[in-house]
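Quick notes on the structure that follows.
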Amino acid sequence: MSHPVPDARSLRFRIGAGLGVAVLTLGLGVTQLKAATEQAIAIDDATFDCLTAMTAVRGFFVDNLLGNLEATVAAAESPDGAMYPTGSVVQLVPTEVMVKQTPGTSPATNDWEFFELQVSEEGSTIVARGFVDVVNRFGGNCFGCHVKAEPKWDLICETGHGCDPLPITRDVIAGIQQADPRCRAPEEV
Ligand code: HEC
């Protein structure tokens, strides 16, 4: 009762220091948990939406499920090729998607997960997903074609990366891109 002010101060200091340690401990705990059980990125039908609302890079579209769009665009625009960052979404047409999963998910595919979707005005339905064994509606194995890209292109085919070219012209691809039923018509916006 003779020195209440210093007591209050030191109490405040002690609470502050204690909280600091608690936050630090919690932080370390979360980091360890993440390292031990790094979860694959959760993906469901609702993950996918209007193709042309994504970011256009040359003839295809990109996004990033972890909010790291800048890094995905940088990888896509790198003239010498690059490994795409975790969370990257890449699409050429509305129904076929590649998503870069968390490191170690699938070494064979550089952690790319392949998706075959069905799309309508109501949205997207995943009809097939996986790594080395997903086939598209024409019976073609995604990985089987994309693995032919030179290593520095991280399984991204485009043209001139080493994949066999698609038997359709750029005009046809552009038409398919613009016909995504999930994108609202301009007059509805
Ligand atoms: C017959 C070989 C073949 C099959 C099968 C195939 N692709 Fe592709 N894919 C290509 C080629 C070639 C391109 C580049 C076309 C272009 O830009 O002219 C491409 C483009 C893409 C792109 C845009 C990025 C890039 O690589 O250029 C994505 C994403 C993609 N395909 C995903 C898939 C998914 C998912 C599947 C399976 C559901 C699949 N593809 C099946 C050959 C194939």
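Worth pointing out:
- Residue match in region 66-83 (condition: surrounded by fewer than 18 Cβ atoms within 10 Å (Cβ to Cβ), away from the ligand (no atom under 13 Å from the Cβ) and in a strand (DSSP E or B)): no
- Residue within region 87-94 that is among the hydroxyl-bearing types (Ser, Thr, Tyr), within 8 Å of the ligand (Cβ to nearest atom) and closer than 17 Å to ALA56 by Cα present: no
- Inside region 84-108, residues that are within 30 Å of ASP171 (Cβ to Cβ) and either touching a Ser or Thr at 6+ places or on another chain (Cβ under 9 Å) or crowded, with 19+ Cβ neighbours inside 10 Å (or both) make up a count of 13.
- Residue in region 159-173 that is within 7 Å of the ligand (Cβ to nearest atom), part of a loop (DSSP other than H, G, I, E, B) and of a type in the set (Gly, Ala, Ser) present: no
- Among the conditions (1) of a type outside the set (S, T, N, Q); (2) out of contact with any helix residue (DSSP H, G or I) (no Cβ under 7 Å at 6 or more places or on another chain); (3) without any contact (Cβ under 8 Å) to a residue 24 or more places away in the chain, the only one that ILE176 does not satisfy is (3).
- Condition met for THR52 (free of Cβ contacts under 8 Å to residues at least 60 places away in the same chain and not aromatic (Phe, Trp, Tyr)): no
- Test set (1) surrounded by 16 or more Cβ atoms within 10 Å (Cβ to Cβ); (2) under 25 Å from ASP164 (Cα atoms) - ARG137 fails condition number: (1)
- Of all residues making up region 21-65, the number that are in a helix (DSSP H, G or I) and either crowded, with 16+ Cβ neighbours inside 10 Å or at pLDDT 95 or above (or both): 6
- Among the candidates VAL119, VAL127, VAL90, residue that is part of a strand (DSSP E or B) and touching a Pro at 6+ places or on another chain (Cβ under 7 Å): VAL119
- GLY104 being assigned to a loop (DSSP other than H, G, I, E, B), more than 18 Å from ALA40 (Cβ to Cβ) and either among the small types (Gly, Ala, Ser) or without any contact (Cβ under 8 Å) to a residue 24 or more places away in the chain (or both): no
The values are calculated or read from the model by the stated rules, or taken from the named source; none is laboratory data. Quick caveat: nothing in here was measured; it's all calculated off a predicted structure. Every residue, glycine as well, gets a Cβ built from its backbone with ideal geometry; the counts of neighbours run over all protein chains shown.
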